[in-house]
Amino acid sequence: MISFLKGKKIYSILLCKCPRCHEGNLFLVKNPYKLRTLDKMPKRCPVCDLDFVRETGFYYGAMMMSHALTTIIAVIIHFIVFYFWGWEILPHLVFLITIILALFPINFRIARALWINLFVIYDPKTGKDLSL
């Protein structure tokens, strides 16, 4: 699919993969719309053993990332709906809120992936048996 991006941060962020090895999954369940398991992450990467919970409260910063992503989405939708389609304010707000709520699970996971990618660098040698 987008395997040509492997080794770049965008690969890890979009596919919610381990930022160090780009192999292990950041979340236990791939489907973000299974809301009971939305935030469930393994403690460590099964491939390279990276600790995903670096310290208590590590992902509080991801809330700010989520807020920024939601704001960007809202501004883009507002611009399209209000200026191009010329909708009145009530249907405009209903549409905007619906889209933001529908994208919440994806936004949540992307924000966490963005946050951990700020602190971890890709290393293609991790997770592989380097013994002779």
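How many angstrom lie between the C-alpha centres of the range 12-39 and the range 64-96? The distance from the Cα centre of the range 12-39 to that of the range 64-96 comes to 27 Å. Exceedance of the 25 Å cut-off in Cα-Cα distance is limited, within the set K34/K125; K8/K34; K6/K125, to K34/K125; K8/K34. Sparse packing (at most 13 other Cβ atoms within 10 Å of the Cβ) combined with a DSSP loop state is found for the following trypsin sites (Lys or Arg not before Pro) in the range 37-104: K40, K43, R54.
3J(HN,Hα) along the range 14-22, derived from phi through the Karplus expression 6.51 cos²θ - 1.76 cosθ + 1.60 where θ = phi - 60°, amounts to 5, 9, 6, 9, 4, x, 8, 10, 6 Hz, with x in place of Gly and Pro.
Between amide H atoms placed 1.01 Å from N, distances below 5 Å from L26 occur with K17, C18, all of them 5 or more places distant or on a separate chain. For I121 and L14, the FRET efficiency from 1/(1 + (r/R0)^6), where r spans their Cβ atoms and R0 equals 25 Å, is about 0.90. Quick one: grab the alpha carbon gyration tensor of the chain, order the square roots of its eigenvalues as a ≥ b ≥ c, and give me rounded if a/c is under 1.5, else prolate or oblate depending on whether a/b is larger than b/c. It comes out prolate by the Cα gyration axes. The chymotrypsin sites (Phe, Trp or Tyr not before Pro) found in the range 1-104 that occupy coil by DSSP, while having at most 13 further C-beta atoms within 10 Å, are Y33. The stretch between F58 and D39 holds 5.5 nm of extra length on full extension. This uses 0.36 nm per residue minus the Cα-Cα distance. Compared with the dominant Cα axis of the chain, that is its longest principal axis, helix 89-117 is turned about 10°. Residues whose amide H comes within less than 5 Å of that of R44, counting only those at least five positions distant or on another chain, are F52 (H built at 1.01 Å from N in the peptide plane). Taking the C-alpha atoms only, the angle from helix 60-78 to the longest principal axis of the chain is near 40 degrees.
Here I73, I80 are placed in order of increasing Cβ neighbour count within 10 Å, fewest first, which gives I80, I73.
Left without a cysteine partner by the 4.7 Å Cβ rule in the chain: C16.
Computed from point charges on the beta carbon alone (+1 for Lys and Arg, -1 for Asp and Glu), the dipole magnitude for the chain about its Cα centre is near 380 Debye.
Each reported figure results from applying straightforward, stated rules to the coordinates on display, with no laboratory input. Here the structure is a predicted model, which is why all the values come from computation and not from measurement. Virtual Cβ from ideal backbone geometry, glycine too; neighbours counted across all protein chains shown.
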